[in-house]
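Visitor: This structure is in structure tokens; I'll ask about it shortly.
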Amino acid sequence: MGRKVDRLPSVARLAGLLAIAVVASCRDRVPSGPGLPSRASLAVVPRLQPAAAGGGSTFISLRKVRGILAPLDGGPSSTAEAGFVNDTATLAFDVTFPGRSRRYSLALAAIDTAGDTLFRSTREITASPGASTLVHDTLKYVAPDSAVAAIILSVSDTLILGVDTLAVSAAGVDAQRRELSPLYIRWSTSDSTSATIVSSGPSTGRIAARDVDRVVWIIARAFNGVADSISMRIAARVARVHVVPDTLALLVGDSARFGVVVSSARGDTLTGRPLKWASVDPALVQVGGAGGAVHALAPGTTAVVATSPEGAADTAWVRVVSQALAVVRTDVSPKTVHLLGIGDSAQLVARSYASDSSLTPGHYSWSVRGGVGVVSVDSLGHLIALAIGSAWVVATEQKGTADSAQVTVDLPTVTLGAMRAGRRVMSGISTGHRGTGNAFDGGSRSSSSAPILRGCSCPRSLIIAPSATSSGARVKSASATRTPTRSRSWTSSR
């Protein structure tokens with residue numbers, strides 16, 4: 001017979017292990033039963049009410065969420081707080097109660113960095129024995145501007161130089177015309193490549209402009225979708241000034257006008273920019289009147305300087321003589337001029353030459369031929385577009401020599417998006433119905449964020465823009481179109 005094997009130690013060992021498992025199981029179970037309290041762990045994950053289309057604030061910065069869990073049948077409340085991480089937070093509650101379940105009231109509040117409550121909710125929940133029961137709840141937007149019915153934007157100036165910044169503020173009222181403050185605004189621009197929002201706060205924003213020449217819309221939209229917009233012109237900084245021609249010859253007592261081409265650092269031709277004109281020797285040549293106009297006072301040669309507010313400058317020379325040589329040739333420059341829209345303007349310059357090809361003063365009469373009514377020209381060669389079409393502008397020197405330039409006037413292509421009536425956001429407010437329409441920046445893009453006033457199917461201001469921008473393209477406001485004098489020709493000496 002084999003040797004007897006003693007199995008008692010193994011049985012004892014198994015019994016010991018079983019006892020340990022039973023103790024552990026009892027320890028992990030939530031105690032329940034008659035006379036024993038029940039325990040529950042709740043994980044509350046708040047969700048924020050979504051903003052209306054296009055709404056929501058770029059300024060709202062939530063700091064924490066606070067929750068209060070109160071038994072409906074009375075008793076002490078439990079409070080918990082949690083910080084927001086990317087608009088997400090989780091509250092943890094551990095409660096003990098008699099019986100198998102208990103009803104609670106759960107109140108949640110989302111608080112921003114300034115200590116203001118912007119979102120809030122209240123609901124009832126049932127707690128049952130168990131661990132980590134997940135509870136979701138949606139918090140409603142309750143900030144002061146939750147009832148805003150109209151927004152009105154204001155800026156200190158609607159013109160901003162490139163690379164500068166400009167503050168814009170928003171005021172809001174409810175349906176009873178009561179002012180609401182602060183406003184938690186989502187700011188945007190119709191062209192983020194030209195202007196961006198660099199900072200914002202309650203009811204205010206700051207716009208940073210790029211160094212471009214363009215019109216953009218600044219849009220403010222509240223959490224509930226109510227919006228307003230305002231147009232702003234960005235004026236690119238003047239980087240270069242070029243005076244043409246580089247030399248003029250005048251008789252004592254004559255007048256003339258220099259032309260000038262102003263451009264940005266990108267090479268775009270800029271219009272309507274103020275320049276300061278000065279004569280190096282005012283005793284010889286006087287500068288006055290319209291930009292670039294000079295008057296010869298005494299024989300000699302001096303320089304005339306044109307300077308932009310940014311400091312860009314160029315110099316041209318004026319030679320004044322008391323007696324002119326015989327004129328054998330007259331030259332007009334530039335040879336072609338392209339005007340963009342009625343009211344646009346340009347400068348032509350006529351110069352005469354003697355037989356030895358030297359400059360000599362001339363006396364000119366300017367006239368329009370082959371397109372009368374398209375442009376007007378004054379006694380110093382200044383052009384203004386009157387109608388769409390083309391014409392020849394002729395400078396005739398009194399000795400009979402002449403030259404001409406071809407002038408073309410085109411109307412910018414306007415791509416007007418279909419205007420659509422927006423929803424009524426305010427009732428009985430004298431400022432009128434504000435909906436959405438299409439506004440245009442300096443390019444061919446459109447933005448569907450310009451307000452439409454009641455009784456008018458157009459934006460607050462209409463910007464006419466070329467369908468494709470090019471060097472020298474100009475953006476004009478329909479409300480700023482000039483009505484030029486319709487004179488055809490002048491005759492004077494210069």
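Values in this text are rule-based calculations from the coordinates and carry no lab data. Remember, it's a predicted structure, so these values are computed and weren't measured experimentally. All Cβ positions, glycine included, derive from the backbone under ideal geometry; neighbour counts span all protein chains shown.
Visitor: Non-local amide H neighbours of Ala293 (under 5 Å, H modeled in plane, Pro and chain starts lacking H): which ones?
Guide: Here the answer is Phe258, Gly288, since their amide H atoms fall under 5 Å of that of Ala293.
Visitor: Calculate the FRET efficiency for Lys276 and Asp164 from the Cβ-Cβ distance with a Förster distance of 22 Å, rounded to the nearest 0.05.
Guide: In this case the efficiency is close to 0.60.
Visitor: For the pair Gln406/Gln49, report the inter-label distance in nm, with labels modelled 7 Å from Cα in the Cβ direction.
Guide: Placing both labels 7 Å beyond Cα along the Cβ direction yields 6.5 nm.
Visitor: By how many nm would the segment from Val372 to Ala283 grow when fully extended, if each residue of separation counts as 0.36 nm and the alpha-carbon distance is taken off?
Guide: 28.0 nm
Visitor: Roughly how many Å is it from the Cα centre of region 286-358 to that of region 127-200, as a whole number?
Guide: For region 286-358 versus region 127-200, the Cα centre distance is 54 Å.
Visitor: Please get the size of the charge dipole for region 105-207, origin at its Cα centre, with Cβ charges of +1 on Lys and Arg and -1 on Asp and Glu, quoted in debye to the nearest 20.
Guide: The calculated dipole for region 105-207 is roughly 220 debye.
Visitor: How high is the FRET efficiency between Thr247 and Thr193 when r is their beta carbon distance and R₀ equals 56 Å, given to the nearest 0.05?
Guide: The computed FRET efficiency comes out at 0.85.
Visitor: In whole Hz and in residue order, list the ³J(HN,Hα) couplings for region 322-327 that follow from phi through the Karplus curve 6.51 cos²θ - 1.76 cosθ + 1.60, θ = phi - 60°; x for Gly and Pro.
Guide: 8, 9, 9, 7, 5, 7
Visitor: Based on the Cβ-Cβ distance from Thr138 to Ala175, what FRET efficiency comes out when R0 is 22 Å, to the nearest 0.05? Show your work: numbers first, answer last.
Guide: Working: r = 25 Å, r/R0 = 1.13.
FRET efficiency, Thr138 to Ala175: 0.35.
Visitor: I need the phi-derived Karplus couplings for region 171-182: 6.51 cos²θ - 1.76 cosθ + 1.60, θ = phi - 60°, integer Hz, Gly and Pro marked x.
Guide: Result, ordered by residue: 10, x, 9, 8, 5, 9, 6, 7, 5, 10, 7, x Hz.
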